[in-house]
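> Structure provided below as structure tokens; questions to follow.
The values are calculated or read from the model by the stated rules, or taken from the named source; none is laboratory data. Keep in mind that what you see is a predicted model, and the values were worked out from it rather than measured. So basically every Cβ, Gly included, is an ideal-geometry build from the backbone, and we count neighbours across all protein chains shown. Ligands, DNA and RNA are excluded from the accessible area calculation, which covers all protein heavy atoms including side chains. Shrake-Rupley method; radii C 1.70, N 1.55, O 1.52, S 1.80 Å.
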Amino acid sequence: GLMYGPREMRLYPNGRFASHVLGGTRFNNQSARSADMIGNAGIEATFNDFLSDRNRNGEALQLSLDLTVQAAVENILGGAMGLMKAKGATGVVLDVTTGEIISMVSLPDFDPNNRPKMIEGSEAADSPLFNRAVQGVYELGSTFKVFTAAKALDLGIVDPHTELEFDSKMKINGVLVKDDHYKGPKLSISDIISESSNVGTAILATKVGRDNQIRILKDLGLLEPTELELVEAKGVNPLRPQKWTDMSTITISFGYGLAVSPLHLAVAYASLVNGGYKVT
């Protein structure tokens with residue numbers, strides 16, 4: 001004989017759109033009489049209890065994404081990725097006051113209606129399931145220079161108009177640092193940032209010092225996992241030096257030697273531009 005039991009299905013009518021945020025589902029308990037679903041990635045996993053609670057009668061779970069912005073970021077990143085023949089691309093748009101994620105895109109993406117499987121033995125980052133915005137950690141280079149300047153200003157060591165004098169190439173704390181686009185011999189702190197001077201930033205880092213550098217990076221959340229409501233973000237720790245030396249202080253001041261996710265960077269920048277308030 002044949003027995004028919006209820007089986008729920010989750011459909012994603014927009015296909016790949018915001019796939020890394022949504023995540024996906026899989027069948028959980030299955031029997032001849034029924035089968036139910038469970039979230040296994042993204043928002044689906046984080047809010048599985050909410051979404052599977054039958055007492056809520058299908059109550060909607062509202063996210064902070066702005067779908068228009070999300071679509072624009074996906075299109076722009078997709079075009080740039082093709083132009084540069086890049087392996088992947090990612091972008092985060094964040095409300096600096098509330099901490100809400102307005103857009104989060106990771107490419108390549110996937111269709112949650114037909115969620116791909118991980119290939120055994122392959123690198124996680126080679127899978128389209130990999131969310132580069134939260135799972136990928138990278139040395140983010142010159143974007144880190146503002147943290148050095150911010151701490152120097154915070155300590156009162158300099159003001160935006162303070163000038164530093166330096167050469168195009170200098171050895172600082174044992175590290176040979178050079179500027180590819182040298183604008184010296186004197187630059188104000190503001191100009192060191194706007195001209196993205198490695199040497200100027202390194203000199204500033206020696207004035208800030210190792211302990212103060214660690215303190216601001218910790219205060220800005222750059223040394224621990226983010227608090228984003230995606231299961232993929234929870235275990236992603238920045239890669240920091242085992243021993244934070246004076247040499248580390250120099251290289252980290254201009255973004256090398258500490259690897260963080262793009263989301264870490266967005267959250268840290270929010271505190272710098274919203275009046276100094278840390279958002280989660």
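> Out of the residues in segment 190-202 meeting the condition of being of a type in the set (A, V, I, L, M, F, W, C) and crowded, with 22+ Cβ neighbours inside 10 Å, tell me which one is farthest from Gly255 (Cα to Cα).
Filtering first and then ranking leaves Ile192.
> So, in segment 246-273, exactly how many residues are over 18 Å from the mean Cα position of the chain (by Cα) and open to solvent by 30 Å² or more (accessible area, probe 1.4 Å)?
Summing the residues that are over 18 Å from the mean Cα position of the chain (by Cα) and open to solvent by 30 Å² or more (accessible area, probe 1.4 Å) in segment 246-273 gives 3.
> Another question about this same structure. Looking for whichever is assigned to a loop (DSSP other than H, G, I, E, B), open to solvent by 40 Å² or more (accessible area, probe 1.4 Å) and under 30 Å from Met104 (Cβ atoms) here; the options are Lys218, Lys278, Lys183, Lys243. Which one fits?
On inspection, the qualifying residue turns out to be Lys278.
> Further question on the same structure: Which residues, counting only those in segment 122-169, are under 18 Å from Asp191 (Cα atoms), open to solvent by 30 Å² or more (accessible area, probe 1.4 Å) and not hydroxyl-bearing (Ser, Thr, Tyr)?
Selection gives Val146, Leu153, Asp154, Gly156, Ile157, Asp159, Pro160, His161, Glu163, Glu165, Asp167, Lys169.
> Here's another thing I want to ask about it. Residues to consider are Asn14, Asn75, Asn55; find the one that is at pLDDT below 95, in a helix (DSSP H, G or I), over 18 Å from Val231 (Cβ atoms) and of a type in the set (S, T, N, Q).
On inspection, the qualifying residue turns out to be Asn55.
> Looking only at segment 157-176, which residues are closer than 17 Å to Thr251 by Cα and of a type in the set (Ser, Thr, Tyr)?
Matches in segment 157-176: Ser168 only.
> OK, next. Can you pull out the residues in segment 221-240 that are among the small types (Gly, Ala, Ser), open to solvent by less than 20 Å² (accessible area, probe 1.4 Å) and either outside any helix (DSSP H, G or I) or over 21 Å from Lys278 (Cβ atoms) (or both)?
Gly221
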